[in-house]
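Undergrad: Got a structure for you, written out below as structure tokens; questions coming shortly.
The values are calculated or read from the model by the stated rules, or taken from the named source; none is laboratory data. The shown structure was predicted, so the numbers you read here are calculated from the model rather than taken from an experiment. Glycine also receives a Cβ, built like all others from the backbone with ideal geometry; neighbour counts cover every protein chain displayed. All accessible areas refer to the heavy atoms of the entire protein, side chains included, with ligands and DNA or RNA removed. Shrake-Rupley method; radii C 1.70, N 1.55, O 1.52, S 1.80 Å.
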Amino acid sequence: PTLQRIGKQAPLHATGSGKILLSQYSDPQLEEYLSKGLTKYTEYTLTEPEAMRAELSSVRRQGYALDNEECEIGLRCVSCPLYDYTGRIIAAMSVFGKTSDMTDARINTEILPKLQKITAVISSRLGYVPC
């Protein structure tokens, strides 16, 4: 059974949705978050501030985030942002599953395109208009 449950708090730096939210932090906000330390949950958890900065740069560039067994061994997650009418990220939507089901190929060809389409529709209903 998974440790992550709907409604349960999870670490920002070790989850797809958390990385989405962290990706919009200002430099001072991010430095404050990083200064508290990044708890290691699995052998894959990013715990070095520079590695997390690089990861968040990648999230901003690609427009989605992955959790590659960083929060829990055996689970992968892909997350996309939800934007409000001001263009601010207000939440994220994720799909997670067993690593055997969440292969790179399946994420890239099946899951991510559908998730991006759904989050675009929800964001537009929140008043977001892409640039």
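Undergrad: Tell me the accessible surface of residue 50 in square angstrom (1.4 angstrom probe, heavy atoms of protein chains only), to the nearest ten.
TA: Around 120 Å² of this residue is reachable by solvent.
Undergrad: Taking all protein chains as present, what is the carbon and sulfur share of the accessible area of the chain, in % to the nearest whole number, probe 1.4 Å?
TA: Roughly 55 percent, rounded to a whole number.
Undergrad: Considering the dipole of region 19-131 built from charges on the beta carbon (Lys and Arg +1, Asp and Glu -1) around the Cα centre, which of 129, 68, 24 is farthest to its positive end?
TA: 129
Undergrad: Could you give the size of the charge dipole of region 31-131 about its Cα centre, using +1 on the Cβ of each K and R and -1 on the Cβ of each D and E, expressed in debye and rounded to the nearest 20?
TA: Here the size comes out at about 500 debye.
Undergrad: Lys/Arg Cβ at +1, Asp/Glu Cβ at -1, dipole of the chain taken about the Cα centre: which of 37, 54, 79 is farthest positive-ward?
TA: Final value for the positive-end residue is 79.
Undergrad: So, R0 is 25 Å and r is the distance between the beta-carbons of residue 54 and residue 125; what FRET efficiency does that work out to, to 0.05?
TA: Working: r = 33 Å, r/R0 = 1.32.
In this case the efficiency is close to 0.15.
Undergrad: Taking 0.36 nm per residue of sequence separation and subtracting the Cα-Cα distance, how much length would be gained by fully extending the chain between residue 73 and residue 104, in nm to one decimal? Could the numbers behind the result be given before it?
TA: Values: separation 31, 0.36 × 31 = 11.16 nm, distance 1.64 nm.
Difference between extended and current length: 9.5 nm.
Undergrad: Before I look further, what does region 20-124 give for accessible area per residue, probe 1.4 Å, in whole square angstrom?
TA: 56
Undergrad: Okay, next question. Could you list which residues have their amide H under 5 Å from that of residue 82, counting only those 5 or more apart in sequence or on another chain, with H placed in the peptide plane?
TA: Under 5 Å from the amide H of residue 82: 90, 91, 92, 93.
Undergrad: Quick one: grab Rg to one decimal and Dmax as a whole number for the chain, Cα atoms only, in Å.
TA: Considering the chain through its Cα atoms, Rg and Dmax are 14.5, 41 Å.
Undergrad: What net charge do the residues around residue 99 carry, taking every other residue with its C-beta under 14 Å from that of residue 99, with Lys and Arg at +1 and Asp and Glu at -1?
TA: Its environment carries a net charge of -4.
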